[in-house]
Amino acid sequence: MTATHSCSDAASRAGSASVKPSLAVIGSGIAGLSAAWLLKQKYDVTLIESHDKVGMGVFSVDYQSAGVDNRIDIPLRVFCDGYYPNLLALYRHIGVEIEAGDHAGVFFDHRGKEVLHYGNVALGRYRFSLPKLKSLFSWRAWRLMLAFRRFNRLAQQALLTDEQLRQKTLQQFLQQQQIDGEFTEQLLLPVLAVTCTCDYHSILNYPADVILAYLTCGVWQFGIIHARNGVDDIVPRLTQGIQVQTGQTVQSVRSCGEQLQLTLADGQQQRFDQVVIACQAQQAAAMLDGFDQQQAWLRQVPFETSTMMVHTDSGFLPQQGKGCSAVSYCLPPQGRQRPQVSVDLTKAIPRYRQQGTVFQTWHPTFEPGAGQLLAKVAFTRPLVTLESRAAMQQLRQQQQQQCDNRLWFCGSYLADKVPLLDAAVDSSVAVAEALGVEIPWQAAGH
Ligand SMILES: Cc1cc2nc3c(=O)[nH]c(=O)nc-3n(C[C@H](O)[C@H](O)[C@H](O)COP(=O)(O)OP(=O)(O)OC[C@H]3O[C@@H](n4cnc5c(N)ncnc54)[C@H](O)[C@@H]3O)c2cc1C
């Protein structure tokens, strides 16, 4: 067999052979899980994960209180109609139940004074955000809400008419449109810093169209939803029929004749016909041996690290959380780059409502009181810049066009959108399509 053949040759060889070709997926976050699940149609799939549990559920903690046992996923992983077409189609196809959560939110300035407080009202499939009573009588809240309306209108207009938008950063868009500074500092950047889990300056460096497309996708109209029973319900559905090797770290991937050879941290070597690397960009770059061009593209993806804590300490909220909503933003003093944001899980997620109050705090600025910490996790998260987007576009093109490919990449950093769950599934759908695999929900016409 020669090293070059057409994509359809590769697909039909995979489909017609009585023994399926072997394929390894490295990394079991949602990108790896969805890739493995799609590709098992035509390949004998082995999923390799460095943690002892499948990646998506690796940081979940058990929480017992008020006589109820529950598992808390870290991070929570919420989503919305409008921005998650691939994730929603996948979850619906495999039977994951989805429900709405409460996304009411309150913003406090760094002295603990309320800036804006909104609730959500359901009307059919729509969930509107409306100001709470105190905010109705606050000039500051009204200024922010009016600035938000103006921003939204300009964002929609720019997405439709500004041909240069793809070349601009968010900062350039904000300056050109003279977006109100108070709105940017007190509402826009804090919300986006949480969505993208990064500093304000990284948000300002995002391509403007990526952020504007996210903000105008329906997140304000349709509200926030989540998988009703969490990761424990998702992982078994996605790993059915797949060999899963946990506790195995891949150190290197290199060509070996017509196959690819993986070297694991314990020295073991495994060969596969195809390999999909579904780790973060910097992790993928580090394991490549002899794929210089792909490595150079992957190294263009910046990333940031941050901390998430699960705890029961209401001292993280002004007035011990009295009168707070599901999500509380504590804005940083001038010059600091991230807000401290706490989600009261007993308000946000129906399955925790019977339990004692428990919070998930992103970017905590102090430690919880004694005995109140349930988990503390450090995450890395990719960012998007104009340069990284161009590099990922080249990587995607190379994957689609070079038909003798044996090495594939997927992950939330690869799609041309905010690196959230949908971007990860989007990237695995692209790999599956390039390998001639039918996407079941597309075939079913969803
Ligand atoms: C704090 C926080 C909150 C978030 N909240 C949301 C949210 O509410 N909604 C949303 O849509 N998105 C959210 N996200 C983003 C979302 O979690 C990511 O988009 C998603 O996890 C990306 O999935 P992935 O599969 O691309 O990567 P990952 O989840 O990072 O998976 C990569 C996997 O590869 C494994 N791995 C790495 N190196 C190796 C190796 N050498 N060998 C073997 N295995 C390896 C890792 O252990 C990991 O399990 C959040 C992110 C963070 C950090």
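Please give the per residue accessible area of the chain, computed with a probe of 1.4 Å over protein heavy atoms only, in Å².
43 Å²
Quick one: net charge of residue 68's neighbours, Cβ under 15 Å, K/R +1, D/E -1?
Computed value for this residue: +1.
What does the extension gain come out to for residue 403 and residue 229, with contour length at 0.36 nm per residue minus their alpha carbon separation?
58.7 nm
For the pair residue 268/residue 394, report the inter-label distance in nm, with labels modelled 7 Å from Cα in the Cβ direction.
Distance between the two pseudo-spin positions: 3.6 nm.
What ranking, highest mean first, results for peptides 428-439, 372-383, 345-356, 23-34 when packing means the other Cβ atoms within 10 Å averaged over each residue?
23-34, 428-439, 345-356, 372-383
Scale the Cα Rg of the stretch 194-241 by the rule-of-thumb value 2.2 N^0.38 Å and send over the ratio, two decimals.
Output field value: 1.65.
If you line up the long axis of helix 30-39 against the longest principal axis of the chain, both from Cα atoms, how many degrees apart are they, to the nearest 10?
Orientation of helix 30-39: about 40 degrees from the principal axis.
Provide the FRET efficiency to the nearest 0.05 for the residue 185-residue 98 pair, computing r from the beta carbons and using R0 = 25 Å.
0.15
Rounded to the nearest 0.05, what FRET efficiency do residue 139 and residue 195 have when you use their Cβ-Cβ distance and R0 = 30 Å?
So the FRET efficiency works out to roughly 0.65.
About its Cα centre, how strong a charge dipole does the stretch 239-377 have in debye, to the nearest 20, once Lys and Arg get +1 and Asp and Glu get -1 at the Cβ?
Using Cβ point charges on Lys, Arg, Asp and Glu, the stretch 239-377 gives about 600 debye.
Can you tell me how much longer the chain between residue 365 and residue 292 gets when fully stretched, taken as 0.36 nm per residue apart minus their C-alpha distance, in nm with one decimal?
Full extension of this stretch gives 22.3 nm more.
Using mean Cβ contacts within 10 Å as the protection proxy, how do 118-124, 40-46 order, highest first?
40-46, 118-124
Work out the charge dipole of the chain with +1 on the Cβ of Lys and Arg and -1 on the Cβ of Asp and Glu about the Cα centre, then indicate which of 373, 112, 35 is farthest towards its positive end.
112
Work out how far the C-alpha atoms of the chain reach from end to end along every principal axis, then list the three figures in whole Å, largest first.
So the extents along the principal axes, rounded to whole Å, are 74, 57, 41.
Could you calculate the contour length gain from residue 177 to residue 387, that is, 0.36 nm times the residue separation minus the distance between their Cα atoms, to one decimal place in nm?
Taking residue 177 through residue 387 to full extension adds about 73.3 nm, to one decimal.
Based on the mean of other Cβ atoms within 10 Å per residue, sort peptides 132-141, 50-59 so the most packed one is first.
Highest to lowest by the protection proxy: 50-59, 132-141.
Which value, in debye to the nearest 20, describes the size of the charge dipole of the stretch 291-446 about its Cα centre when Lys and Arg Cβ atoms bear +1, Asp and Glu Cβ atoms bear -1, and nothing else is charged?
It works out to roughly 540 debye.
The values are calculated or read from the model by the stated rules, or taken from the named source; none is laboratory data. Please read all numbers here as calculations on a predicted model, not as lab measurements. Positions of Cβ are backbone-derived with ideal geometry, glycine not excepted, and every protein chain shown enters the neighbour counts. Areas reflect the complete protein model, heavy atoms only, side chains present, ligands, DNA and RNA absent. Shrake-Rupley method; radii C 1.70, N 1.55, O 1.52, S 1.80 Å.
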